[in-house]
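Let me begin by presenting the structure, written as structure tokens, before commenting on it.
The values are calculated or read from the model by the stated rules, or taken from the named source; none is laboratory data. These figures come from a predicted structure and were not determined experimentally. Note that we place each Cβ from the backbone using ideal geometry, even for glycine, and neighbour counts take in every protein chain shown. Just so you know, the surface numbers come from the protein's heavy atoms only, side chains and all, with ligands and any DNA or RNA stripped out. Shrake-Rupley method; radii C 1.70, N 1.55, O 1.52, S 1.80 Å.
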Amino acid sequence: MVRIAARCFSSLYVQGQSPAPKMREYFYYIDHQGQLFLDDIKIKNFVTSFKDTKFLQFFFKRIRINDTDRYQKEFPYISRCGREMNYIRCDDVPIVFSHLTQEKLSNRRKKSRRYDAYTNVLAYAGSTLFVPFSPKKLCMLPDSGRIYHPAPAAVGHVGLIKSSLAIELSSGFRYDKNSDENSPPSVFFYQGIEYDLDNEILNHIPNINSPQLENT
């Protein structure tokens, strides 16, 4: 299990505070399983996470890098919801892909015509949002075993593969015989096809050398 070093930012804010007229601020936390919590809740597990799919879709669709002049260091992401500003911090990154869907998207045309041509998509936000699955864009970090895949540019171009899905995909990775122990895999096998990994996503993974992630 991978756990982020404990932090406490609740002394910096009050949930629902109003820094300006008709404006409210709230503070959230996203764990490495993609679960969403109020940041100051003490016990974070499935029971205390947000599970309403309409809310999750609304919230995650609006996540952006924090470009405001408030809480940028402590809460590097935001989700604007009308007159509410929601500040977000994460165990890793805000987008965590929980499922790989291998069905045709003909039933989703009304929701997103952009992805009609794709068969395989990665789902997140309670399986309400999707991105096309690109096997050659996967990247596994050898030190942590975490697997990443491109995500919307607004959140920094990178998303994390949930651990349960990562376990399923991990058997497809192969290393170059000349690579060192710090190099990511160079090949990925999927559905009988061999993909050369470009590992370009390494340029977008935040805190890639951060000591905050600890194996326990």
Pairs with Cβ under 9 Å, 6+ apart, first in the stretch 152-165 and assigned to a loop (DSSP other than H, G, I, E, B), second aromatic (Phe, Trp, Tyr): 156/77; 162/97; 162/124
Would you confirm whether any residue within the stretch 180-197 is touching a Cys at 6+ places or on another chain (Cβ under 7 Å), touching a residue at least 60 places away in the same chain (Cβ under 8 Å), on the phi > 0 side of the Ramachandran plot and not in a helix (DSSP H, G or I)? no
Among residues of the stretch 68-100, those that are closer than 19 Å to residue 158 by Cα and hydroxyl-bearing (Ser, Thr, Tyr), counted: 4
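Would you call residue 205 open to solvent by less than 30 Å² (accessible area, probe 1.4 Å) and either among the basic types (Lys, Arg) or modelled with pLDDT under 95 (or both)? Even if it seems obvious, please write down each step before you answer.
On the way: open to solvent by less than 30 Å² (accessible area, probe 1.4 Å): yes; either among the basic types (Lys, Arg) or modelled with pLDDT under 95 (or both): yes.
Considered against the rule, which asks whether it is open to solvent by less than 30 Å² (accessible area, probe 1.4 Å) and either among the basic types (Lys, Arg) or modelled with pLDDT under 95 (or both), residue 205 comes out as yes.
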When you look at residue 133, is it open to solvent by less than 60 Å² (accessible area, probe 1.4 Å), over 17 Å from residue 97 (Cα atoms) and not aliphatic (A, V, I, L, M), yes or no? no
Among the candidates 62, 70, residue that is touching a Cys at 6+ places or on another chain (Cβ under 8 Å), among the basic types (Lys, Arg) and surrounded by 12 or more Cβ atoms within 10 Å (Cβ to Cβ): 62
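Taking the condition of being of a type in the set (D, E, K, R), assigned to a strand (DSSP E or B) and closer than 25 Å to residue 133 by Cβ, how many residues in the stretch 59-105 meet it?
1
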If I go through the stretch 172-185 residue by residue, how many of them are at pLDDT 95 or above and either within 14 Å of the chain's Cα centre (by Cα) or polar (S, T, N, Q) (or both)? 0
So, in the stretch 33-53, of the ones that are over 21 Å from residue 16 (Cα atoms) and more than 16 Å from the chain's Cα centre (by Cα), which residue ends up most open to solvent (accessible area, probe 1.4 Å)? 46
